[in-house]
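Taking it in order: structure first as structure tokens, then the write-up.
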């Protein structure tokens, strides 16, 4: 789960793919004009932000075309606390990493560079900035 810790964000209401469950605090990305949960191979430029409220199969509007609230960082210095699959080190700050899915950072991959570690909290948790959206830094 990506949780805002510090910085400015804005809420954007964006169209979501119908009948798709996505957890609160997960990174979401555009695919064919609609949001899906970001994956380990999602390009940073396609990632829109962090889903504000979970989408569950039990929701009354689950199969309905609609817009959902997405929290979008206003600047590159906005800090997010996130879970890490494992292996975050005290020497990790400054390093770019990929994600394993919409709610975990992968310290073993650096192909897409979706996040940059800013602070080590534990081997499984850290503070990160997001390298997402149309102004994502290519290759870093």
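What the table below lists for this structure:
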quantity	calculated
Residue in the range 107-114 that is modelled with pLDDT of 95 or more, in contact with a strand residue (DSSP E or B) (Cβ under 9 Å, 6 or more places away or on another chain), in a strand (DSSP E or B) and not assigned by TED's automatic domain parsing to the domain that holds residue 28 present	no
Criterion violated by residue 93 - all others in (1) part of a loop (DSSP other than H, G, I, E, B); (2) surrounded by 15 or more Cβ atoms within 10 Å (Cβ to Cβ); (3) not assigned by TED's automatic domain parsing to the domain that holds residue 124 satisfied	(3)
Of all residues making up the range 67-99, the number that are at pLDDT below 95 and over 20 Å from residue 136 (Cβ atoms)	3
The lone exception for residue 130 - which of (1) over 16 Å from residue 3 (Cβ atoms); (2) touching a helix residue (DSSP H, G or I) at 6+ places or on another chain (Cβ under 9 Å) it fails	(1)
For residue 86: the one exception among (1) assigned by TED's automatic domain parsing to the domain that holds residue 113; (2) in contact with a strand residue (DSSP E or B) (Cβ under 7 Å, 6 or more places away or on another chain); (3) not in a strand (DSSP E or B)	(2)
The one condition in (1) within 22 Å of residue 137 (Cα to Cα); (2) touching a residue at least 40 places away in the same chain (Cβ under 8 Å); (3) part of a strand (DSSP E or B) that residue 14 fails to fulfil	(1)
Check on residue 75, surrounded by fewer than 18 Cβ atoms within 10 Å (Cβ to Cβ) and touching a residue at least 24 places away in the same chain (Cβ under 8 Å)	yes
Members of the range 10-28 that are crowded, with 17+ Cβ neighbours inside 10 Å and over 20 Å from residue 81 (Cβ atoms)	14, 16, 17
Enumeration of residues in the range 34-53 that are within 12 Å of residue 16 (Cβ to Cβ) and either crowded, with 17+ Cβ neighbours inside 10 Å or in contact (Cβ under 8 Å) with a residue 60 or more places away in the chain (or both)	35, 36, 37, 48, 51
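The values are calculated or read from the model by the stated rules, or taken from the named source; none is laboratory data. Owing to the predicted nature of the structure, the values given are computational and were not obtained by experimental measurement. With ideal geometry, Cβ positions are generated from the backbone for all residues, glycine too; neighbour counts draw on all protein chains shown.
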